[in-house]
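The values are calculated or read from the model by the stated rules, or taken from the named source; none is laboratory data. Small disclaimer: the values here were computed from a predicted structure and weren't measured. In this analysis, Cβ positions are derived from the backbone assuming ideal geometry, glycine residues included, and neighbour counts consider all displayed protein chains.
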Amino acid sequence: MSSGGVRDAMTGPAPKGAHILMLLSDAYGGFGGISQYNRDFLDALCALPEVASAEALPRIAVPPVGDLPSKLVFNLDGLGGIARFTRVALTRGLAGPKPDIVICGHINLLPLCALIATARRAKLVMLIFGIEVWQPTGRALADRCVSRIDTVISISRVTLERYLAWATPPRLGTEILPNAIHLEDYGIAPKAADLVAQYGLANRKVLMTFGRMAGEERAKGFDEMIEILPRLRAKDPSFIYVAAGKGDDMARLKTKAAEHGVADHVVFTGMVPEERKADYFRLADVYTMPSRGRALASCFSKPWRVEFPQSQVAPMADSRRSVTVRSASRSIRRIWTSWKARSSRR
């Protein structure tokens, strides 16, 4: 259900069983790895028989949002800026159906989530993904609110360890839930002829990095690949670099490619439709992501499923770890059971 047709569900009492309220950056109607993770997480959560209903408020979504779990209210009323989102989140959190669990999908949303959880006497769970929690955020209120968290669910052990190095340990412990992989969407297949023609890749040795081009991060290796490409082409002129994805840093990267004299040998694809991601991955002869200071296991789970060589500078601890969507549902059930057991002992 999306917000347009769910007024009765949103204003009525929560059904018998656990009611979940989640504040998050994006999920349905979003793009990128975190958006997909949140969709898989909500799908698995809503599949639990112990969960009667869930409401999720995204900061970002582009309708149409697609199919939703039957138990989920995906409330789009908060779109349109942080002030509007805050107002809707507080209204739903403090005056809507009482949540049993409040889930924070990003540490920047933690003050709102902590306020709602405290006021409604609900448990507070936070999801963590990467560098946003590797050190204190610098937002005093968010950093103080970590002491209010009951459980942290991390996408990787590396991120969890770095978070716990500075944050107060959550009261009911931690869990690791790797990203899920939709195996049915991947597999070995020839390169898509239309994409080879579109990007001029015939008889070329294709290097690829796939990811969000985020200006505040610059950690996925796009810069490093552009810098080294002239030396690679000096040895073999057939090399071409495909930088797949989009983001606010794309214009700078295009300028950098021109400055290094390789503008004609770097392909910027822009946003890749979800249904064609496997075809784009299969274009690569080598998938490379020379990151700085972070583990990119979640970025490698899909390339591994289309079976081609990969390179990563300084691979880290969680490499090649992912779970299928079905096993993600089992993991959510295990986390739920473990969490409820710990909660009952307090």
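Tabulated values for the structure
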{"quantity": "Matching residues in segment 220-251 - criterion: being part of a helix (DSSP H, G or I), within 24 Å of the chain's Cα centre (by Cα) and surrounded by fewer than 14 Cβ atoms within 10 Å (Cβ to Cβ)", "calculated": "251"}
{"quantity": "Subset of segment 252-296 that is in a strand (DSSP E or B) and at negative phi - its residue that is surrounded by the most Cβ atoms within 10 Å (Cβ to Cβ)", "calculated": "287"}
{"quantity": "Flag if residue 153 is of a type in the set (A, V, I, L, M, F, W, C), surrounded by fewer than 20 Cβ atoms within 10 Å (Cβ to Cβ) and either in the same structural domain as residue 37 (by TED's automatic domain parsing) or closer than 15 Å to residue 111 by Cβ (or both)", "calculated": "no"}
{"quantity": "Failed condition for residue 162, given (1) of a type outside the set (A, V, I, L, M); (2) part of a helix (DSSP H, G or I); (3) not assigned by TED's automatic domain parsing to the domain that holds residue 102", "calculated": "(3)"}
{"quantity": "Out of 161, 184, 175, sole residue that is crowded, with 19+ Cβ neighbours inside 10 Å and out of contact with any His (no Cβ under 9 Å at 6 or more places or on another chain)", "calculated": "175"}
{"quantity": "Residue check, residue 5 at pLDDT below 90 and not aromatic (Phe, Trp, Tyr)", "calculated": "yes"}
{"quantity": "Within segment 187-213, tally of residues that are crowded, with 17+ Cβ neighbours inside 10 Å and either more than 21 Å from residue 278 (Cβ to Cβ) or of a type in the set (Phe, Trp, Tyr) (or both)", "calculated": "2"}
{"quantity": "Residues located in segment 117-136, provided they are outside any helix (DSSP H, G or I) and crowded, with 16+ Cβ neighbours inside 10 Å", "calculated": "122, 123, 124, 125, 126, 127, 128, 129, 130, 134"}
{"quantity": "Of residues in segment 80-113 being surrounded by fewer than 20 Cβ atoms within 10 Å (Cβ to Cβ) and of a type in the set (Lys, Arg), the one nearest to residue 152 (Cα to Cα)", "calculated": "98"}
{"quantity": "Tally, over segment 183-216, of residues that are touching a helix residue (DSSP H, G or I) at 6+ places or on another chain (Cβ under 7 Å), in a loop (DSSP other than H, G, I, E, B) and closer than 16 Å to residue 289 by Cα", "calculated": "2"}
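Rundown of residues vs (1) among the β-branched types (Val, Ile, Thr); (2) in contact (Cβ under 8 Å) with a residue 24 or more places away in the chain; (3) closer than 30 Å to residue 116 by Cβ, yes/no style:
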site	(1), (2), (3)
140	no, no, yes
160	no, yes, yes
168	yes, no, yes
177	no, yes, yes
182	no, yes, no
202	no, no, no
